[in-house]
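The values are calculated or read from the model by the stated rules, or taken from the named source; none is laboratory data. Given the structure is predicted, the values throughout are model-derived calculations rather than measurements. Neighbour counts are summed over all protein chains in view; Cβ atoms, including those assigned to glycine, are modelled from backbone coordinates with ideal geometry. To get the accessible areas, we keep the full protein, side chains included, count just its heavy atoms, and leave off ligands, DNA and RNA. Shrake-Rupley method; radii C 1.70, N 1.55, O 1.52, S 1.80 Å.
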Amino acid sequence: MLKIVGSMGALNFEELMAVYRESNEGNALKRDIPVDQVEQNFADYLREDFFRQKGAFYCLWKENGRTVSALRLEPFGDGLLLEALETMPEQRRRGYGKALILAALDHVRSGDQKPVYSHVRKRNRASLALHTACGFTQMLDYARLIDGSVNTSYVTLKCL
């Protein structure tokens with residue numbers, strides 16, 4: 001079941017961190033800092049930047065009252081950028097990521113008819129296949145990130 005969260009106060013941060021645990025551990029190793037510092041930095045980003053943007057929100061997929069998959073959408077160009085799509089490792093390959101993306105797209109379509117963009121790493125075949133199955137098509141062979149930088153390890157996908 002889809003849950004839309006538009007503020008830090010409405011977000012169960014511990015549940016979200018359980019979904020992102022694997023990524024947070026990887027980020028901690030890369031930066032040589034503790035996982036709890038990665039999580040604190042992420043909480044600060046959500047509070048100070050993400051949720052302060054008009055039109056930014058989190059989409060959570062709940063099963064049996066528990067968050068199993070998450071993504072966030074934020075203003076990007078003429079539409080929204082879908083990012084940080086994650087499903088708990090033990091819940092993968094059960095269709096939750098696809099259900100979440102499709103429900104998030106339906107939510108966006110129920111309001112404005114904005115395009116939704118996503119940047120996916122070129123070698124992430126599973127994510128590319130998932131996005132394609134949800135109606136995304138490749139529009140660029142690189143990603144122009146929110147900060148304006150370009151990353152050629154990613155492609156930019158778009159869904160209307």
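Take each uninterrupted DSSP H stretch in the chain, measure its Cα extent along the helix axis, and return the ones at 18 Å or beyond whose mean Kyte-Doolittle hydropathy is at least -1.0. List each step's numbers first, then the result.
Working: long enough: 13-31 (23 Å, -0.86); 35-48 (19 Å, -0.96); 96-110 (21 Å, 0.53).
Helices meeting the criterion: 13-31, 35-48, 96-110.
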Per residue value of the accessible surface for the stretch 65-160 (all protein chains in place, 1.4 Å probe), Å²: 52 Å²
Debye, to nearest 20: dipole size of the stretch 1-154, +1 on Lys, Arg Cβ, -1 on Asp, Glu Cβ: 580 debye
The chain: most fluctuating residue of 67, 87, 132 per GNM, C-alpha cutoff 10 Å: 132
Where only alpha carbons of the stretch 48-118 are counted, the Rg and the Dmax (Å): 12.5, 36
Relative contact order (%) - the chain, alpha-carbon pairs under 8 angstrom, separation at least six: 18 percent
Selected from 28, 103, 126 as most flexible by GNM, with the chain as the system and alpha-carbon contacts under 10 Å: 126
Cα-Cα separations in the chain greater than 23 Å, expressed as whole percent: 37 percent
Value of [θ]222 nm, deg cm²/dmol, for the chain, DSSP H segments ≥ 4, -39500 (n - 2.57) each, nearest 500: -11500 deg cm²/dmol
Gain in span if fully extended, residue 45 to residue 141, counting 0.36 nm per residue against the direct Cα distance: 31.8 nm
Cα pair count fraction exceeding 21 Å, expressed as % - the stretch 91-160: 29 percent
Unit charges on C-beta of K, R, D, E only; dipole of the stretch 17-84, Debye: 200 debye
Summed side-chain charge close to residue 73 - residues other than residue 73 whose Cβ falls under 11 Å, Lys, Arg +1, Asp, Glu -1: 0
Nonlocal Lys pairs with alpha-carbon distance under 17 Å, the stretch 25-160 (8 or more apart, or different chains): 5
